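Below is one structure, written out as structure tokens; comments come after it.
The values are calculated or read from the model by the stated rules, or taken from the named source; none is laboratory data. Just so it is clear, the structure is predicted and the values come from calculations on it, not from any experiment. Here the Cβ positions follow ideal geometry from the backbone for every residue, glycine too, while neighbour counts run over all protein chains shown.
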Amino acid sequence: MLQRLAAALDTTTDYIMKGAEDDAVATQLTDIELLKQFKQVELMNAEDKNLIKTLIDAFLTKRQVQQLAQ
């Protein structure tokens, strides 16, 4: 029941019970929409996860090259 409540509230069972989110995630990701997307990616198979990682790497590399060119 607690897990279903946490899923409905888009939070963790720890947060419901203790009032604190996973410290590692909470301190690093403040964009809730992005956090939700990463949670969805975690549910994907390994091949899809690798594709997402490759796309992110490509985008970040592109941004770094653009910044160097300025």
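Which condition from (1) modelled with pLDDT under 85; (2) in contact with a helix residue (DSSP H, G or I) (Cβ under 9 Å, 6 or more places away or on another chain) is the one that Asp48 breaks?
All conditions are met except number (1).
Under the condition of being part of a loop (DSSP other than H, G, I, E, B) and at pLDDT 85 or above, which residue from region 20-45 is surrounded by the most Cβ atoms within 10 Å (Cβ to Cβ)?
Top of the filtered list is Met44.
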